[in-house]
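A.B. asks: What follows is a single structure, and I will ask about it in a moment.
The values are calculated or read from the model by the stated rules, or taken from the named source; none is laboratory data. The structure displayed is predicted, hence computed values, not measured ones. Neighbour counts run over all protein chains shown; Cβ positions are idealised from the backbone, glycine included. Just so you know, the surface numbers come from the protein's heavy atoms only, side chains and all, with ligands and any DNA or RNA stripped out. Shrake-Rupley method; radii C 1.70, N 1.55, O 1.52, S 1.80 Å.
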Amino acid sequence: MVGETLNVNNLTVAYADGHVAADGVSFALGYGENAALIGANGAGKSSLLLALVGVLPAKSGEIRAGDLILGKKTLRELRSRVGLVFQNPDDQLFMPSIFEDVAFGPRSFGLGEAETAERAEAVLARLGISELRDRSPLKLSGGEKRLCAIAAVLATEPEFLLFDEPTAFLDPRAKRGLARTLSELPQGKLIATHDLPFAAETCSRVLLLKNGRLAASGGAELLRDAELLERAGL
């Protein structure tokens, strides 16, 4: 809701083999704010996103969405507030039809069939993809799949959206359409991307990760700092 903030405080995430993917990361993302999460391959961007929705457990630190702190007992509720759109839409679209994919989230959170259908239809209409409702994900283009994956997350009505490389697999026209879509969504958005022109077009803030640590944080002018980007391996 308006006024809510996603707060990440001193977050450290490590894999079972001991590899530290995020090391003492802290930032806040406000409702309605677009922030780009940039960094070289292996910097920890995807791992950080997975940690924010509890897929990767935190070694230490705190993740808070509004007044809700992520923990074992609050994981389900937090995932209703913070939605993750995966890099590959095929990881998110697995039902026989797009309508069933979009309806899956509301159903899993316990909504009745009437409310689920109403919400799914509304989200599809909002994104301008109602004509895809009965199509199989296997028959869609990359851009269509991307919008359908976003619809599947939006159907749970999250307050914050996380995107992992959203322009992957997209041609220039689809990228332009995605940029328009993101600009129209009111949620707070954290966009992990290597596509710096897209980040400049869609985001007013930049978080730069290097070796799992937050190396820089600031406005979109960071995307024009060639020396900083070179040091970060970009």
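A.B. asks: Mind giving me the FRET efficiency for V20 and R231? R0 is 22 Å, r the Cβ-Cβ distance, nearest 0.05 is fine. Could you put the intermediate results ahead of the total?
C.D. replies: On the way: r = 20 Å, r/R0 = 0.91.
Here the calculated transfer efficiency is 0.65.
A.B. asks: Step through the table entries K72/K189; K145/K189; K145/K210; K59/K189; K72/K139; K45/K175, compare each Cα-Cα distance with 26 Å, and write down the pairs that go over it.
C.D. replies: Details: K72/K189 24 Å; K145/K189 19 Å; K145/K210 30 Å; K59/K189 24 Å; K72/K139 38 Å; K45/K175 20 Å.
Long pairs (Cα-Cα over 26 Å): K145/K210; K72/K139.
A.B. asks: Roughly what % of DSSP beta bridges within the chain run antiparallel, to the nearest 5? Don't skip to the end; give the middle numbers.
C.D. replies: Numbers: 21 of 38 bridges.
Around 55 percent antiparallel, to the nearest 5.
A.B. asks: Report the extension gain between E118 and K139 in nm, rounded to one decimal, defined as 0.36 nm multiplied by the number of residues separating them, less their alpha carbon distance. The partial results should precede the final answer.
C.D. replies: On the way: separation 21, 0.36 × 21 = 7.56 nm, distance 2.43 nm.
5.1 nm is the gain from fully extending E118 to K139.
A.B. asks: Quick query: amide H of L37 versus all other amide H atoms, modeled in the peptide plane; which residues come in under 5 Å with a sequence gap of 5 or more or a different chain?
C.D. replies: I191, A192, T193, L207
A.B. asks: May I ask you to derive the relative contact order of the chain, considering only C-alpha pairs under 8 Å and at least 6 residues apart, and to give it as an integer percent? Don't skip to the end; give the middle numbers.
C.D. replies: Values: 451 pairs, mean separation 65.5, N = 234.
This gives 28 percent for the chain.
A.B. asks: Pick from K175, K72, K189 the residue whose mean-square fluctuation is largest in a GNM of the chain, springs joining Cα atoms under 10 Å.
C.D. replies: Taking springs between Cα atoms under 10 Å, the residue moving most is K72.
A.B. asks: If I stretch the segment between R64 and N211 completely, what's the gain in nm (0.36 nm per residue apart, minus their alpha carbon distance), one decimal? Provide the component values of the computation, followed by the final result.
C.D. replies: On the way: separation 147, 0.36 × 147 = 52.92 nm, distance 2.34 nm.
Stretched fully, the R64-N211 segment lengthens by 50.6 nm.
A.B. asks: For the chain, with equal point scatterers placed on the C-alpha atoms only and solvent neglected, what are the log10 I(q)/I(0) values from the Debye formula at q = 0.07, 0.13, 0.16 1/Å, to two decimals?
C.D. replies: -0.22, -0.76, -1.15
A.B. asks: For segment 130-177, compute Rh as the Kirkwood radius over C-alpha pairs and then the Stokes-Einstein diffusion coefficient at 37 °C and 0.692 mPa s; write the answer in µm²/s, rounded to an integer. Mind showing how you got there, number by number?
C.D. replies: Working: Rh = 11.7 Å.
Estimated diffusion coefficient is 279 µm²/s.
A.B. asks: Using a 1.4 Å probe, what is the accessible area per residue for the chain, in Å²? Mind dumping the intermediate values first?
C.D. replies: Values: 10820 Å² over 234 residues.
Averaged over the residues of the chain, the accessible area is 46 Å².
A.B. asks: Could you derive backbone 3J(HN,Hα) for segment 207-213 from the dihedral phi with the Karplus parameters 6.51, -1.76 and 1.60 (θ = phi - 60°), listing whole Hz in sequence and x where the residue is Gly or Pro?
C.D. replies: 10, 10, 9, 9, 6, x, 10
A.B. asks: For all pairs of alpha-carbon atoms in segment 156-219, what percent lies in each bin of width 10 Å, listed from the first bin to the last filled one?
C.D. replies: Spelled out per bin, shortest first, that is 19, 53, 26, 2.
A.B. asks: Now for a separate question. Where does segment 120-234 land on the Kirkwood hydrodynamic radius, alpha-carbon pairs, in angstrom? Spell out each step's value before the answer.
C.D. replies: On the way: mean 1/r = 0.0646 Å⁻¹.
Result for segment 120-234, one decimal place: 15.5 Å.
A.B. asks: Further question: Which residue fluctuates most in the GNM of the chain (Cα springs below 10 Å): E118, E33, E62?
C.D. replies: Evaluated over the chain, the most mobile residue of the options is E118.
A.B. asks: For the pair S204 and R173, what calculated FRET efficiency results from E = 1/(1 + (r/R0)^6), where r is the Cβ-Cβ distance and R0 = 22 Å, to the nearest 0.05?
C.D. replies: Details: r = 24 Å, r/R0 = 1.10.
Efficiency at R0 = 22 Å is approximately 0.35.
A.B. asks: Let me ask you something else. Return the FRET efficiency for the residue pair S97, K73: r is the Cβ-Cβ distance, R0 is 30 Å, and the value is rounded to the nearest 0.05.
C.D. replies: Numbers: r = 34 Å, r/R0 = 1.13.
My answer for the efficiency is 0.30.
A.B. asks: With the full set of protein chains in place, find how many percent of the accessible area of the chain is carbon and sulfur; take the probe as 1.4 Å. Walk me through the numbers on the way to the answer.
C.D. replies: Values: 5500 of 10820 Å².
Carbon and sulfur atoms account for 51 percent of the accessible area of the chain.
A.B. asks: If the elastic network links every pair of Cα atoms under 10 Å, which of G66, G110, G219 fluctuates the most in the Gaussian network model of the chain?
C.D. replies: G110
A.B. asks: Where does the chain land at 222 nm, in deg cm²/dmol rounded to the nearest 500, when only DSSP H runs of n ≥ 4 count, each adding -39500 (n - 2.57), divided by all residues? The partial results should precede the final answer.
C.D. replies: Values: 8 runs with 79 residues, N = 234.
For the chain, the value works out to -10000 deg cm²/dmol.
A.B. asks: Right, next: List the residues, sorted by chain then number, that are 5 or more residues from A22 or on another chain and whose placed amide H is less than 5 Å from its amide H.
C.D. replies: V13
A.B. asks: Suppose the chain between L185 and N41 were pulled fully straight at 0.36 nm per residue; how much longer would it get relative to their current alpha carbon spacing? Show your work: numbers first, answer last.
C.D. replies: Details: separation 144, 0.36 × 144 = 51.84 nm, distance 2.78 nm.
Answer, rounded to one decimal: 49.1 nm.
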